[in-house]
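What follows is a single structure, written as structure tokens, with notes after it.
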2 protein chains.
Amino acid sequence: MKKIHIIGLGLLGGSFSLGAKKKLNDLVITGFDIDPKNQKDALTLGIISEVKETPDLDTDLVILATPADTLGGLLVKTLDQIGPETLVFDVGSTKSSLTKLTAGHPKRSQYLAAHPIAGTEYSGPKAAFEDLLDRKVMIICELEKTDLHLKEKAYELFDALNLKLRFMDPEEHDRHLAFVSHLSHISSFMLGQTVLQKMADEKNIFDMAGSGFASTVRLAKSSPAMWAPILTENKENILNALDGYIANLSSFREKIAQGETKELFDEMASINKIRDILELGK
Amino acid sequence: MKKIHIIGLGLLGGSFSLGAKKKLNDLVITGFDIDPKNQKDALTLGIISEVKETPDLDTDLVILATPADTLGGLLVKTLDQIGPETLVFDVGSTKSSLTKLTAGHPKRSQYLAAHPIAGTEYSGPKAAFEDLLDRKVMIICELEKTDLHLKEKAYELFDALNLKLRFMDPEEHDRHLAFVSHLSHISSFMLGQTVLQKMADEKNIFDMAGSGFASTVRLAKSSPAMWAPILTENKENILNALDGYIANLSSFREKIAQGETKELFDEMASINKIRDILELGK
């Protein structure tokens with residue numbers, strides 16, 4: 001593999017480049033970002049060696065790493081442009097709409113639907129770092145629809161980055177991610193919102209915030225440009241997760257209001273088993 | 001200062017001992033815990049040198065570090081027992097009820113109402129470590145009601161531990177903490193609950209959980225023995241915070257349901273200012 005082209009030079013796109021360059025020799029990485037400042041930063045940081053809107057015909061891999069609302073159009077356009085030996089994969093947080101959109105495309109076999117479970121609350125090329133993807137989970141959907149020979153190019157990169165591959169349906173992916181990722185972001189943003197509203201009356205309220213608050217509110221620093229489209233894109237699954245969350249909060253609220261200390265204790269004790277489950281996942 | 005007695009030998013009580021021993025010489029630290037296993041662990045870990053239910057009359061400092069539902073009775077009992085040169089402080093997460101309870105006590109001036117903003121999701125003597133309190137905020141309520149001379153004993157310890165003192169009314173403390181601590185714990189527990197419920201249908205759901213989920217759900221590992229009483233104790237303030245949180249979630253849910261991507265973007269962008277606020281607090 002010699003040539004990689006990355007569209008969307010933010011946290012993920014940038015980290016794919018920096019990680020790949022650390023592990024693979026003689027790579028030429030070009031790329032594009034709609035924001036001229038990101039283009040410039042990506043050049044300065046060595047994420048890309050050249051800005052180029054369209055990948056060369058002999059490009060091995062094209063990585064699409066733009067927000068969810070732009071990925072569909074970009075994916076179809078990119079498939080239309082690429083040569084026969086190029087594989088395209090996206091790293092978007094939702095997978096159903098992209099796989100549906102490309103189902104009938106003549107170059108469907110040159111596309112791999114992927115989603116690395118990796119990120120931070122920061123965004124842009126300056127947030128990228130070479131180890132972001134190291135030993136992270138990479139979800140792959142509809143693997144069987146991608147050309148066997150072209151897949152090898154992606155595997156070469158994924159192995160170099162130590163990504164741990166997991167395979168599932170696009171619908172299953174979107175359903176799961178609504179619960180273990182999208183809901184976390186909403187709970188965190190709304191926690192931030194609730195305390196910010198309180199700050200109108202109580203100016204020094206953040207002085208008392210400890211590490212617990214910092215941990216639960218961390219995702220409220222995330223990029224709205226990335227998250228607003230995800231919330232729209234995965235709407236049905238997210239509403240489902242959010243309704244469950246609000247129902248649980250309301251029922252817990254009633255236990256507090258009724259002073260049911262034992263019931264509160266029992267419910268929290270039962271949720272504590274998440275300790276072992278998260279430990280197992282490591 | 002020579003003698004400290006600690007009742008409740010868990011994460012906080014244990015860390016006060018280990019931190020104090022690191023910084024102050026020739027201390028004798030005794031203590032008590034209602035759980036015989038904690039007594040034994042505290043002896044083994046060097047948190048205390050002797051188990052003793054009642055502090056000696058010449059004890060300098062008694063630290064009360066038990067769950068919120070036991071602190072009131074324990075505080076009154078301890079005040080009744082101590083000699084004239086002993087100062088008692090508690091480290092509970094709510095302050096109004098304790099200051100009210102002791103308002104008319106003949107030894108009120110031997111009590112200091114305190115709350116260190118420090119903790120982890122773990123509990124018990126084995127979770128204690130000597131740097132837990134290092135450079136953390138210590139909230140003090142009704143400072144003026146504590147004897148000037150006895151206060152010096154607490155200050156000697158607080159300085160040794162590098163605690164940063166903040167002063168406020170007990171009511172203000174409880175109101176603030178409901179938002180920046182208690183609500184975070186509830187949001188985290190209910191997030192854990194919601195995903196655990198989903199796991200009934202989707203067994204592998206936790207495989208997809210990344211660092212964002214881990215961060216927001218971390219507090220769901222916290223001790224129910226500590227948290228159930230706090231939720232009951234600070235009920236009114238917590239219901240107020242929780243109602244604001246549920247209202248924000250419901251309104252955000254409607255924006256998702258209506259596909260209002262721009263409104264979602266604007267709301268998240270405005271919440272992003274929490275970045276700067278948290279940065280300032282460092």
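Values for this structure:
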| item | result |
| --- | --- |
| Flag for residue A:178 being over 26 Å from residue B:239 (Cα atoms), small (Gly, Ala, Ser), assigned to a helix (DSSP H, G or I) and in contact (Cβ under 8 Å) with a residue 60 or more places away in the chain | yes |
| Residues satisfying the stated conditions in the stretch A:165-175, i.e. in contact with a helix residue (DSSP H, G or I) (Cβ under 9 Å, 6 or more places away or on another chain) and without any contact (Cβ under 8 Å) to a residue 60 or more places away in the chain | A:165, A:166, A:167, A:168, A:169 |
| Hey, residue A:43 within 23 Å of residue A:165 (Cβ to Cβ), at pLDDT 95 or above and part of a helix (DSSP H, G or I) or not | no |
| Pick from the stretch A:190-212, criterion among the charged types (D, E, K, R) and facing another protein chain (nearest Cβ under 7 Å), ranking: nearest to residue B:247 (Cα to Cα) | A:198 |
| Check on residue A:219, more than 19 Å from the chain's Cα centre (by Cα) and in a helix (DSSP H, G or I) | no |
| Residue in the stretch B:79-99 that is farthest from residue B:233 (Cα to Cα), counting only those that are surrounded by fewer than 23 Cβ atoms within 10 Å (Cβ to Cβ) and polar (S, T, N, Q) | B:81 |
| Set B:67, B:36, B:84, B:55: member being touching a helix residue (DSSP H, G or I) at 6+ places or on another chain (Cβ under 6 Å) and either at pLDDT 95 or above or not assigned by TED's automatic domain parsing to the domain that holds residue B:218 (or both) | B:67 |
| Tally of residues being within 19 Å of residue B:216 (Cα to Cα), in a helix (DSSP H, G or I) and not hydroxyl-bearing (Ser, Thr, Tyr) across the stretch A:261-282 | 11 |
| When residues of the stretch A:100-122 are limited to those that are surrounded by 22 or more Cβ atoms within 10 Å (Cβ to Cβ) and part of a loop (DSSP other than H, G, I, E, B), the one nearest to the other protein chains (Cβ to nearest Cβ) | A:117 |
| Members of the stretch A:240-261 that are more than 7 Å from every other protein chain (Cβ to nearest Cβ) and within 21 Å of residue B:254 (Cβ to Cβ) | A:240, A:243, A:247, A:251 |
| Candidates A:222, A:187, A:215 - the one that is buried (at least 19 other Cβ atoms within 10 Å of the Cβ), more than 7 Å from chain B (Cβ to nearest Cβ) and in contact with a helix residue (DSSP H, G or I) (Cβ under 7 Å, 6 or more places away or on another chain) | A:222 |
| Some residue of the stretch A:265-280 being surrounded by 15 or more Cβ atoms within 10 Å (Cβ to Cβ), acidic (Asp, Glu) and out of contact with any Pro (no Cβ under 7 Å at 6 or more places or on another chain) | yes |
| Search result, residues across the stretch A:156-175 that are assigned to a helix (DSSP H, G or I) and surrounded by fewer than 14 Cβ atoms within 10 Å (Cβ to Cβ) | A:159 |
| Flag if residue B:241 is at pLDDT below 95 and over 16 Å from the mean Cα position of the chain (by Cα) | no |
| In the stretch A:262-276, residue nearest to residue B:207 (Cα to Cα) [restricted to those that are of a type outside the set (Asp, Glu) and more than 7 Å from every other protein chain (Cβ to nearest Cβ)] | A:273 |
| Considering residues of the stretch B:240-259 that are surrounded by 17 or more Cβ atoms within 10 Å (Cβ to Cβ) and among the charged types (D, E, K, R) only, the residue farthest from residue A:228 (Cα to Cα) | B:253 |
| Test: residue in the stretch B:261-282 that is touching a residue at least 40 places away in the same chain (Cβ under 8 Å), under 21 Å from residue A:208 (Cα atoms), of a type outside the set (Phe, Trp, Tyr) and out of contact with any strand residue (DSSP E or B) (no Cβ under 7 Å at 6 or more places or on another chain) | no |
| Cβ-Cβ under 6 Å pairs, at least 6 apart or on other chains, the stretch B:228-239 side within 7 Å of chain A (Cβ to nearest Cβ) and buried (at least 20 other Cβ atoms within 10 Å of the Cβ), far side assigned to a helix (DSSP H, G or I) and aromatic (Phe, Trp, Tyr) | B:228/A:265 |
| Hits in the stretch A:9-49 (condition: touching an Asp or Glu at 6+ places or on another chain (Cβ under 6 Å) and surrounded by 18 or more Cβ atoms within 10 Å (Cβ to Cβ)) | A:9, A:18, A:19, A:30, A:32, A:39 |
| Test: residue in the stretch A:53-64 that is within 20 Å of the chain's Cα centre (by Cα) and either part of a loop (DSSP other than H, G, I, E, B) or within 14 Å of chain B (Cβ to nearest Cβ) (or both) | no |
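Per-residue answers, yes or no, for (1) of a type in the set (D, E, K, R); (2) more than 20 Å from residue A:119 (Cα to Cα); (3) outside the structural domain of residue B:66 (by TED's automatic domain parsing):
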site	(1), (2), (3)
B:236	yes, yes, yes
B:240	no, yes, yes
B:249	no, yes, yes
B:274	no, no, yes
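Results for (1) within 25 Å of residue A:93 (Cα to Cα); (2) not in a loop (DSSP other than H, G, I, E, B), shown as yes or no for each residue.
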| position | (1), (2) |
| --- | --- |
| A:226 | yes, yes |
| A:231 | yes, yes |
| A:238 | yes, yes |
| A:243 | yes, yes |
| A:253 | no, yes |
| A:259 | no, no |
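The values are calculated or read from the model by the stated rules, or taken from the named source; none is laboratory data. The structure presented is a predicted model; accordingly, all values stated were derived computationally and were not measured. Neighbour counts are summed over all protein chains in view; Cβ atoms, including those assigned to glycine, are modelled from backbone coordinates with ideal geometry.
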